Amino acid sequence: MYTTLINVTQLQTLHSQSASVMVIDCSCDLMQPAVGPQQFQEQHIAGALYADLNEQLSAHDAAHAANGGRHPLPQREVFAQWLQSIGLTHDMQVVVYDRNGMNYCGRLWWMLKWCGHQAVAVLDGGLQAWVAAGGATASGASPLRAPSLFALQDPLVTLVDTATVASRLAVPEQTLIDARGAPRFRGEVEPIDPVAGHIPGALNRPFNSNLNEQGFFKSPEVLRAEFTTLLNGRAPQSVVHHCGSGVSAVPNVLAMEVAGLGASGLYAGSWSEWCTTPGLPVAKG
């Protein structure tokens, strides 16, 4: 079972063994929503399905959302219906990937854990690594799968809401880590949300800090050293990750697990929900 990262060789081995594997492409372009599905149609890992951030991985209305913000999570029951429609079963190893520095596929990795599915891993290096290794690719639509009876299990990850984050500001038991780029974190620019700045007391670690120059996750030892320096004595189990809309925070969640620092929380509403909630403080600098 792979539960954090899986490399190209390991995935090829699973395929050669005819293991029960479901591969899902999560490629996305935030500013041009049609680009991700188009890229999938042009090239994807052979046999892969496609998950759209805006369609399958986000709620479409507040009544079926688990939180607020620009990309609210769908309620677990709603998401489970989609998992049933693509034929997911509990004995399957799921491998998720994208061509965007493993940013968007982390969302599906986390959501499957949220639904109680442990056997899900991010393909290290994404589609680029697969192609470079000569992995088989295809074009066109996703293959059709027979529906399954996937049932929700207890969550394996922790979802944190706005009220909880707000009530624990400046409390040692909560350490906030913001995954946005430094200029947005400092409030110098804000290209998307209506207010610039960050949650008071938050630390900053841009999500792409987890990758090396070759586009793979850094080693567990390097990640552990970097997070230990950032935390500066704070307990890893106190960490709650966030970003702009709860998507690019997940690479930091994953990186801490790869580093052996254990599970950490996700504030999925993130800055987009925080800055539009009346009465909450904003910091800059």
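Please treat every number below as a calculation from the coordinates, not as lab data. The structure displayed is predicted, hence computed values, not measured ones. Quick reminder, even Gly has a Cβ in these numbers, built from the backbone with ideal geometry, and neighbours come from all protein chains shown.
Across all directions, the average projected area of the convex hull around the alpha carbons of region 5-138 is 7.8 nm². Counting each pair of different Cα atoms once, what's the Kirkwood radius of region 38-89 in Å, rounded to one decimal? It is 12.2 Å.
Taking GluC sites (Glu not before Pro) as exposed when their DSSP state is a loop state and no more than 15 other Cβ atoms lie within 10 Å, the longest site-free interval of the chain runs over 56-172. If you take the Cα centroid of region 192-222 and the Cα centroid of region 234-285, the two points sit 10 Å apart.
Under the combined filter of DSSP loop state and at most 14 neighbouring Cβ atoms within 10 Å, region 205-285 retains these trypsin sites (Lys or Arg not before Pro): K284.
Evaluated on region 189-231, the Kirkwood hydrodynamic radius is 12.6 Å, with distances taken between all distinct Cα atoms.
Only helices enter the 222 nm calculation for the chain: every DSSP H run of n ≥ 4 contributes -39,500 (n - 2.57), and dividing by all residues gives -7500 deg cm²/dmol, rounded to 500.
Each of C28, C243, C275 was scored by other Cβ atoms within 10 Å of its Cβ. Arranged with the fewest first, they read C275, C28, C243. Counting neighbouring Cβ atoms within 10 Å and putting the fewest first, the residues D154, D178 line up as D154, D178. Based on alpha carbons, the Rg and Dmax found for the chain are 18.3, 56 Å. Cβ distances below 4.7 Å define possible disulfide partners, and in the chain the cysteines left without one are C28, C115, C243, C275. Volume per residue of the convex hull around the Cα atoms, evaluated for region 94-228, comes out as 188 Å³. Summed over all non-identical Cα pairs, the Kirkwood treatment of region 158-274 gives a radius of 14.2 Å.
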